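Undergrad: Pasting a structure below so you can have a look.
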Amino acid sequence: AASTPPVGIPKEVIPAMRKAFSNLCTSPSGVLFENALLQVGVKHEYVGAQGRISVFFGNLSSAPLHHFKVNIDDCEHLRMQKQGTQGLFDVEGPGCTVAVRTQAKLLLMVEVTAPFDDAPAMRIMFETAEGVKHEYPLRLPIVATCFMEPVTLEPGAFMQRWKSLEGQERECQEVVKAPPNAPKIDEEYMNRIGTIITDGLKFGRCQGCDPTPWTVSGAATFRTGAKDLNGNNINVGCLVRVEANPQAGAFRVTTRTLHPLCSKAVKNVALVSIKLA
């Protein structure tokens, strides 16, 4: 008889899961996934091009989870070193057992080597005590903005750089509506957007670039561990502007960087953060 396919992520959990992922892209710790059996928590910190990501797999059920395994896809843009609970990466073998109310743990050390705009895939596999197989495809919240270092530019310097980065490949732009339950866009709301740019995206806030309070401008350097021909680390300067249209209840996000993938990645994280603001 053909073996039954493993139980995946139920459809009704997906919206909450997406929200959890988006929140974790801009916060240092939180829950990435949770259902009746399993809670996956993440804690991550970054310095320059390097990151340290801890993932905790907690058994919330009333029986042990057997043959527990985790597979993380290799990424071209990340050097990864991983260590974890004995048997956790044992994809061909028996895996490990997670007893009731205990955790399996995983530590990932990463170094980014190139611009990127996707998050690494992580697959979790296990069997319940009744022998039902589960398989959950998740993504780790390791995104380009994790590797930013804030830069504060004077208005003149910001505008000069902004103009020098004109062009199709370098600019990404998208309009996003404020969430349906959001308050009206006022100066306090713009301060919240400013905080998203500085605390969430790790950009420096460049004050005074705009004659109106409805625009937030920021600058940062995307750090990589890759070297150029002279042995210097390759870094990418990134600029972002968020312009509000209070009447329409919308924001226009524009990013400009020397690298198309950086522009796209910063825009995407900014968009989801504004949707959650």
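Undergrad: How high is the FRET efficiency between SER164 and PHE56 when r is their beta carbon distance and R₀ equals 41 Å, given to the nearest 0.05?
TA: Numbers: r = 45 Å, r/R0 = 1.09.
The pair SER164/PHE56 has a calculated efficiency of 0.40.
Undergrad: So what J values fall out for the stretch 53-68 if you push phi through Karplus, 6.51 cos²θ - 1.76 cosθ + 1.60 with θ = phi - 60°, rounded to Hz, Gly and Pro as x?
TA: Each residue's phi maps through the Karplus curve to give 10, 9, 10, 10, 10, x, 7, 9, 8, 9, 8, x, 9, 9, 6, 7 Hz.
Undergrad: Test of understanding: in a Gaussian network model of the chain with alpha carbons linked when under 10 Å, which of THR97, THR212, THR257 would top the mean-square fluctuation ranking?
TA: Its mean-square fluctuation being the largest, the pick is THR212.
Undergrad: Sticking with this structure for a sec: Tell me, what ³J(HN,Hα) does each residue in the stretch 139-144 have, in order and in whole Hz, if you take phi through Karplus 6.51 cos²θ - 1.76 cosθ + 1.60 with θ = phi - 60° and put x for Gly and Pro?
TA: 10, 7, x, 9, 10, 4
Undergrad: Still on this model: Show TRP162, TRP214 ordered by accessible area, largest first, where the area counts protein heavy atoms only and the probe is 1.4 Å. Walk me through the numbers before you get to the answer.
TA: Values: TRP162 25, TRP214 75 Å².
Ranked list, largest accessible area first: TRP214, TRP162.
Undergrad: Once Cα Rg over 2.2 N^0.38 Å is worked out from the coordinates, which option in (1) 1.00; (2) 1.13; (3) 0.92 does it equal?
TA: Answer by label: (2).
Undergrad: Give, in nm to one decimal, the length gained when the segment between GLU34 and ILE14 is fully stretched (0.36 nm per residue of separation minus the Cα-Cα distance).
TA: Working: separation 20, 0.36 × 20 = 7.20 nm, distance 1.05 nm.
Contour length minus the Cα-Cα distance gives 6.2 nm.
Undergrad: Measure up LYS163/LYS202; LYS82/LYS105; LYS19/LYS275; LYS82/LYS264 against 20 Å on the Cα-Cα distance and list the ones that go over. Working shown, then result.
TA: Numbers: LYS163/LYS202 22 Å; LYS82/LYS105 11 Å; LYS19/LYS275 10 Å; LYS82/LYS264 28 Å.
Beyond 20 Å: LYS163/LYS202; LYS82/LYS264.
Undergrad: Through the Karplus equation 6.51 cos²θ - 1.76 cosθ + 1.60, θ set to phi - 60°, convert the phi angles of the stretch 247-254 into ³J(HN,Hα) values in whole Hz; use x for Gly and Pro.
TA: Values per residue, Gly and Pro as x: 4, 8, x, 9, 10, 10, 9, 10 Hz.
Undergrad: Counting pairs of Cα atoms in the stretch 96-211, how many percent are more than 17 Å apart? Mind dumping the intermediate values first?
TA: Values: 5064 of 6670 pairs.
Result: 76 percent of Cα pairs exceed 17 Å.
Undergrad: Can you tell me the FRET efficiency between GLU154 and ALA99 if r is taken as the Cβ-Cβ distance and R0 is 51 Å, rounded to the nearest 0.05? Before the final figure, lay out the partial values.
TA: On the way: r = 58 Å, r/R0 = 1.13.
Here the calculated transfer efficiency is 0.30.
Undergrad: Here's something else I'd like to know. I need the calculated FRET efficiency for the pair SER3 and SER27, taking r as the beta carbon distance and R₀ as 45 Å, to the nearest 0.05. Each step should come with its number before you reach the end.
TA: On the way: r = 39 Å, r/R0 = 0.87.
For R0 = 45 Å, the calculated efficiency reads 0.70.
Undergrad: Tell me the volume per residue, in Å³, of the convex hull enclosing the alpha carbons of the stretch 137-277. Before the final figure, lay out the partial values.
TA: Working: hull volume 18.2 nm³, N = 141.
Expressed per residue, the convex hull around the Cα atoms of the stretch 137-277 is 129 Å³.
Undergrad: Additional query: Need one number: nm distance between label points at ARG79 and ASN230, each 7 Å from Cα along Cα→Cβ, rounded to one decimal.
TA: 2.2
Undergrad: Now, a different point. Zone of THR128 (label point 7 Å along Cα→Cβ, backbone N under 11 Å): which residues in the stretch 1-23?
TA: What the label zone holds, given the 11 Å backbone N cut-off, is 7.
Undergrad: Here is a follow-up. Please list, ordered by chain and number, the residues whose modelled amide H lies under 5 Å from the amide H of ALA250; skip anything fewer than 5 residues away on the same chain.
TA: HN-HN under 5 Å from ALA250: ALA178, ASN245.
Undergrad: With each pseudo-label sitting 7 Å past Cα toward Cβ, what's the VAL91-GLN207 distance in nm, one decimal?
TA: Between VAL91 and GLN207, the label points sit 5.1 nm apart.
Undergrad: How far is it, in nm, from the label point at GLU45 to the one at ALA121 when both lie 7 Å from their Cα along the line to the Cβ?
TA: 3.2
Undergrad: Another question, if that's okay. What's the longest uninterrupted piece of the chain once you rule out the trypsin sites (Lys or Arg not before Pro) that are loop residues per DSSP with at most 11 other Cβ within 10 Å? Intermediate results must be reported in sequence, preceding the final value.
TA: Working: sites that count: ARG101, LYS184.
Here the longest segment lacking exposed loop sites spans 1-100.
Undergrad: So which aspartates and glutamates pass the test for LYS133, namely a Cα distance under 20 Å, with those fewer than 8 places away in the same chain ruled out?
TA: Leaving aside aspartates and glutamates fewer than 8 places away in the same chain, those within reach of LYS133 are GLU12, GLU34, ASP90, GLU92.
The values are calculated or read from the model by the stated rules, or taken from the named source; none is laboratory data. On a predicted model such as this, the values are computed, not experimentally measured, just so you know. Here Cβ is always computed from backbone atoms with ideal geometry, including for glycine, and neighbour counts include all displayed protein chains. Just the protein is used for accessible areas: all its heavy atoms, side chains included, with ligands, DNA and RNA removed. Shrake-Rupley method; radii C 1.70, N 1.55, O 1.52, S 1.80 Å.
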